[in-house]
Amino acid sequence: MLELTDIHKAYNAQSHSAVAAVDGISLSVKSGEFVAVQGPSGCGKSTLLLVAGGLLSPDKGAAVIAGQDPYQLSANARASFRAETIGFVFQQFHLVPYLSVRDNIMAPGVALSSPPAVDRAAQLMEKFGISDRSTHLPGELSTGERQRAALARALFNSPKLILADEPTGNLDPENSKIVLDHLRAFANEGGAVLMVTHEDSAAATADRTERLRDGKRELANA
């Protein structure tokens, strides 16, 4: 489902030489697989996730998602491909503050010019236990409810791959378990999950953990 081959990405810093955030990493995630990525701050975890999501073009190497290299597509085609193929879950949720929970969940359909799918949103809200919050704004939700709404949004277009960046970083243990259980279920049903996390307890939910240091991949733990 996801194949990263010899990915390199460097950032230019003022008055400094380029900093290699990702330095020759190769990584694959198969359908039905849940993979966690861990490592110290600044090791390249988030950069790798952005490359994997078609959001940050690598300087070198190839990123292939469901058989397609998104960086070979035009910007508009790449945006449509992301919306159709990938669901994103972030630590800070990134819900649109002036949209209701229901409209936030349906937002990914806009990128595909899909007609409003109220029934699909209702199913997801019921699945995540936030049906009674459908007309609320994100600011009126608890932290756990916001993350569940974000996860429902990620699943709205029935993606093949979910990329999660510290999805439990702001959550208490109970809500962390809810999110991780849903990610686990998504993989068990044939989807692929790549999750960046600093929490060992979250990584334990995955099938395997890949460790990064200084932009390079260390030996994986099964």
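The values are calculated or read from the model by the stated rules, or taken from the named source; none is laboratory data. Given the structure is predicted, the values throughout are model-derived calculations rather than measurements. Ideal geometry is used to build each Cβ from the backbone, glycine not excepted, and the neighbour counts take in all protein chains shown.
Data for the structure
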quantity	calculated
Every pair of residues 6+ apart whose Cβ atoms lie under 6 Å, when the first sits in the range 19-30 and is at negative phi while the second is surrounded by fewer than 17 Cβ atoms within 10 Å (Cβ to Cβ) and modelled with pLDDT under 85	VAL19/TYR11; VAL19/ALA13; ALA21/TYR11; ASP23/LYS216
Residue match in the range 205-215 (condition: among the aliphatic types (A, V, I, L, M), surrounded by fewer than 22 Cβ atoms within 10 Å (Cβ to Cβ) and at pLDDT 90 or above)	no
Residue in the range 57-64 that is at negative phi, in a strand (DSSP E or B) and charged (D, E, K, R) present	yes
Subset tally (residues that are part of a loop (DSSP other than H, G, I, E, B), in contact (Cβ under 8 Å) with a residue 60 or more places away in the chain and crowded, with 19+ Cβ neighbours inside 10 Å) for the range 169-195	1
Among the candidates HIS198, HIS136, residue that is farther than 23 Å from LEU55 by Cβ and assigned to a loop (DSSP other than H, G, I, E, B)	HIS136
Answer from LYS127, LYS177 - the residue that is of a type in the set (Lys, Arg) and more than 23 Å from GLY109 (Cβ to Cβ)	LYS177
Restricting the range 123-150 to residues that are aliphatic (A, V, I, L, M) and free of Cβ contacts under 8 Å to residues at least 60 places away in the same chain, the residue that is nearest to PHE88 (Cα to Cα)	ALA149
Some residue of the range 98-116 being closer than 24 Å to LEU183 by Cα, surrounded by fewer than 18 Cβ atoms within 10 Å (Cβ to Cβ) and touching a strand residue (DSSP E or B) at 6+ places or on another chain (Cβ under 8 Å)	no
Residues located in the range 48-77, provided they are among the polar types (S, T, N, Q) and more than 13 Å from ILE7 (Cβ to Cβ)	GLN68, GLN72, SER74, ASN76
Residue match in the range 69-91 (condition: at positive phi and either part of a helix (DSSP H, G or I) or modelled with pLDDT of 90 or more (or both))	no
Whichever residue in the range 1-24 is modelled with pLDDT under 90 and of a type in the set (Val, Ile, Thr) and, among such residues, is surrounded by the fewest Cβ atoms within 10 Å (Cβ to Cβ)	VAL19
Only one of GLY44, GLY32, GLY54, GLY39 that is closer than 29 Å to GLN147 by Cα and in contact with a Pro (Cβ under 8 Å, 6 or more places away or on another chain)	GLY54
Matching option when the condition is in a loop (DSSP other than H, G, I, E, B) and within 19 Å of the chain's Cα centre (by Cα), among LEU95, LEU124, LEU99, LEU163	LEU95
